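Participant: One structure, as structure tokens, below. Some questions next.
Just so it is clear, none of the values below were taken in a lab; they were calculated from the coordinates. None of the values given here were measured: they were computed from a predicted structure. FYI the Cβ positions are ideal-geometry reconstructions off the backbone, even for glycines, and counts take in every protein chain you see.
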Amino acid sequence: MNFAARITGTGSAFPKKRITNNSIVKKMAKLGVESSEKWIFERTGIAERRHSEIGNKAEYNSSLGLIAAQKALEMAGKKPEDIDQIVYATCTGDTILPSTACWLQKKIGALNAWVMDINAACSGFIYGVATVEQFIKTGQTKTALVIGAEKLSVLLNWEDRGSCILFGDGAGAAVVEPVAFDSPSQILSSHMLSDGNLWELLHVPGGGSNLELTPERFAGHEHKAKMNGPELFKVAVRTLTRFAKEELKKNNITVDELDWFILHQANIRIINAVAKRLGVPQEKILLNIERYGNTSSATIPTLLDEAVRDGRIRKGQLLLLDAFGAGLTFGSMLLRW
């Protein structure tokens with residue numbers, strides 16, 4: 001292989017509507033569910049999140065992805081016609097058919113690209129970057145666009161206080177291009193794994209070909225997310241820690257050598273537990289969970305974009321990405337910026 005790959009541009013986008021903990025408490029109270037702002041913040045680290053307005057075409061999944069993609073292309077100095085490949089990571093696509101990647105392709109005008117969706121939930125962005133990296137290394141792709149975007153607000157059951165408080169909407173994007181195989185700035189390695197035996201920990205029962213939605217199933221919230229929070233917490237902490245250690249060991253890197261640890265923004269307690277197990281100081285952890293909540297596949301790319309644009313991430317720094325998601329799916333990636 002004559003090439004390595006690196007991220008050359010990032011972008012992000014969020015809906016306008018802010019959903020505070022106070023507004024969630026009031027919404028749940030109308031349904032007879034008790035909670036408090038303090039309880040939500042202490043358990044999650046989230047103060048507010050963004051939710052798209054229903055029916056607002058400017059806040060469709062692909063519309064948010066479009067804004068993020070345009071920003072990423074601008075940073076990378078690329079045009080839509082330069083894109084060879086689009087990988088769109090989402091579990092809340094615009095439509096079942098066609099793929100949300102096709103909707104984005106239409107909107108952005110990337111008519112020279114081949115495109116596809118992947119559904120790895122919160123691990124989706126890492127899966128997407130790792131996928132296009134392989135095409136870049138073999139010379140088949142010169143300019144790839146990876147999107148991680150979600151409209152998780154459509155999956156919320158407001159009578160389930162354990163899950164409805166966590167999730168928000170948003171989109172992040174990255175342009176990935178080839179560099180010389182010995183370039184100091186490149187994706188160094190990635191590690192991915194899935195375990196379908198753990199599917200029940202986080203899933204949406206209805207709406208697929210196995211369980212077509214009927215009025216009765218709709219009334220029973222079968223089209224909404226169901227989560228086993230305590231068990232998911234245990235698996236997440238254990239696996240995120242393991243994957244981070246394996247990524248560092250694979251590259252003969254110590255925690256002290258890392259500049260930034262970028263964890264999936266699922267829950268502040270998970271983030272803190274993993275950091276403690278690894279010995280990562282708080283000042284090396286990037287966070288946006290307080291302002292945006294858990295945006296699934298969008299959390300890592302939006303964090304990247306924010307930190308690149310405000311100057312925290314600089315050329316030559318060493319970054320470790322680490323995520324888990326419904327499936328269950330797991331992914332980590334080490335890169336030199």
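Participant: How large is ³J(HN,Hα) for each residue in region 182-189, as worked out from phi by the Karplus curve 6.51 cos²θ - 1.76 cosθ + 1.60 (θ = phi - 60°), to whole Hz, x for Gly and Pro?
Facilitator: Ordered by residue, 3J(HN,Hα) equals 9, 5, x, 9, 6, 6, 8, 5 Hz.
Participant: What order do you get for Asp256, Asp195, Asp160 when you list them from fewest to most C-beta neighbours inside 10 Å?
Facilitator: Asp256, Asp195, Asp160
Participant: What does region 222-337 give for Rg and for Dmax, in Å, if only its C-alpha atoms count?
Facilitator: 14.0, 47
Participant: Just going by the charge dipole of region 186-336, with Lys and Arg at +1 and Asp and Glu at -1 on Cβ, which of Ala244, Thr302, Phe233 is farthest out on the positive end?
Facilitator: Ala244
Participant: Over the chain, calculate the relative contact order: mean separation of alpha carbon pairs under 8 Å at least 6 apart, over the residue count, as a percent.
Facilitator: With pairs under 8 Å counted, the relative contact order is 25 percent.
Participant: I've got another one for you. Is the shape of region 3-180 best called rounded, prolate or oblate, per the rule: a/c under 1.5 gives rounded, else a/b larger than b/c gives prolate, else oblate, with a ≥ b ≥ c the square roots of the Cα gyration tensor eigenvalues?
Facilitator: Verdict is prolate for region 3-180.
Participant: Under 5 Å between amide H atoms, partner at least 5 residues away or on a different chain: which partners does Leu286 have, H built in plane at 1.01 Å?
Facilitator: Phe261, Leu263
Participant: Now for a separate question. Among Glu48, Glu200, Glu133, Glu212, what is the fewest-to-most ranking by other Cβ atoms within 10 Å?
Facilitator: If I rank by nearby Cβ atoms, fewest first, I get Glu212, Glu200, Glu48, Glu133.
Participant: Which of the residue pairs Lys226/Lys250; Lys16/Lys315; Lys16/Lys57 have a Cα-Cα distance greater than 24 Å in the structure shown?
Facilitator: Lys226/Lys250; Lys16/Lys315
Participant: Related question: Taking the alpha-carbon centroid of each part, what is the distance from region 82-127 to region 272-337 in angstrom?
Facilitator: Each part's Cα centre sits 22 Å from the other's.
Participant: Return Ser296, Ser35 ranked ascending by Cβ neighbour count within 10 Å, so the fewest neighbours appear first.
Facilitator: Final ranking by Cβ density, sparse to dense: Ser35, Ser296.
Participant: Let me ask something additional. Using the Cα centre as the reference, give the magnitude of the dipole from point charges on the C-beta atoms of the chain (Lys, Arg: +1; Asp, Glu: -1; all else neutral), rounded to the nearest 20 debye.
Facilitator: Charge dipole, the chain, about its Cα centre: 540 debye, nearest 20.
Participant: Further question: Check which residues have an amide H placed less than 5 Å from Lys142's amide H, if you skip close sequence neighbours.
Facilitator: The answer is Asp84.
Participant: Looking at Cys102, Gln85, Ser12, which one has the Cα that reaches farthest to the positive end of the dipole of region 1-120 (charges on Cβ: Lys, Arg +1; Asp, Glu -1)?
Facilitator: Selected residue: Ser12.
Participant: Let me ask you something else. Set Lys and Arg Cβ to +1 and Asp and Glu Cβ to -1, take the dipole of the chain about its Cα centre, and tell me which of Gly327, Asn119, Ala174 lies farthest positive.
Facilitator: Of Gly327, Asn119, Ala174, it is Ala174.
Participant: Moving on. Skipping prolines and chain starts, which residues have an amide H placed within reach, meaning under 5 Å, of the one on Thr92, given they are 5 or more residues away or on another chain?
Facilitator: Those lying under 5 Å, H to H, from Thr92 are Lys151.
Participant: Convert each backbone phi in region 168-175 into a coupling constant with the Karplus relation 6.51 cos²θ - 1.76 cosθ + 1.60 (shift: θ = phi - 60°), then list the ³J(HN,Hα) values in order as whole Hz, x for Gly and Pro.
Facilitator: So the J values, rounded to whole Hz, are x, 10, x, 8, x, 9, 9, 9.
Participant: For Kirkwood radius over Cα pairs in Å, which listed value, (i) 20.8; (ii) 20.0; (iii) 22.4, comes from the coordinates shown?
Facilitator: (ii)
Participant: So what are the ³J(HN,Hα) numbers for region 234-240, from phi and the Karplus equation (6.51, -1.76, 1.60; θ = phi - 60°), rounded to whole Hz, Gly and Pro as x?
Facilitator: Listing the rounded values in order: 4, 5, 4, 4, 5, 6, 4 Hz.
Participant: What residue among Phe261, Phe14, Phe181 shows peak mean-square fluctuation when the chain is described by a Gaussian network model with Cα springs under 10 Å?
Facilitator: Per the Cα network of the chain with a 10 Å cutoff, Phe181 tops the list.
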